[in-house]
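Here the structure is laid out as structure tokens; the discussion comes afterwards.
The values are calculated or read from the model by the stated rules, or taken from the named source; none is laboratory data. The shown structure was predicted, so the numbers you read here are calculated from the model rather than taken from an experiment. Cβ: placed from backbone, ideal geometry, glycine included. Neighbour counts: every protein chain shown. Surface accessibility is based on the protein's heavy atoms, side chains included, excluding ligands, DNA and RNA. Shrake-Rupley method; radii C 1.70, N 1.55, O 1.52, S 1.80 Å.
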Amino acid sequence: MKDYPRLPESELDIMLVVWELKEATAPAILERLERPLTASALHSYLKRLEEKGYLACRKEGKTNRYTPLVEREAYRRQEAVSYTHLRAHETKA
């Protein structure tokens, strides 16, 4: 299993929307986010998620379409393993 960098809550919120939609544009993501975010901030997060290998971006005219490169289940499994590993170390201390 490939290790992916752990996502901060703000980036995870965006990935949850993209996973749900399977393919998303920035306006569609903004519409579904539960917290307010400027378009500029969203674009920064999307760029970071691309750089981390979580998203692919495909340009269609003036619109960017984002698709997940990491499956939601793969990320969830990794986080469960990380949590279990962390808990095991905490109980040894």
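Here are some notes:
- Residue match in segment 51-66 (condition: open to solvent by 60 Å² or more (accessible area, probe 1.4 Å), in contact with a strand residue (DSSP E or B) (Cβ under 6 Å, 6 or more places away or on another chain) and modelled with pLDDT of 95 or more): yes
- Number of positions in segment 16-33 that are touching a helix residue (DSSP H, G or I) at 6+ places or on another chain (Cβ under 7 Å) and of a type outside the set (Val, Ile, Thr): 8
- Condition check for residue 24: surrounded by 14 or more Cβ atoms within 10 Å (Cβ to Cβ) and more than 14 Å from the chain's Cα centre (by Cα): no
- Selection within segment 50-80 - hydrophobic (A, V, I, L, M, F, W, C) and either assigned to a strand (DSSP E or B) or in contact (Cβ under 8 Å) with a residue 24 or more places away in the chain (or both): 55, 56, 57, 70, 74
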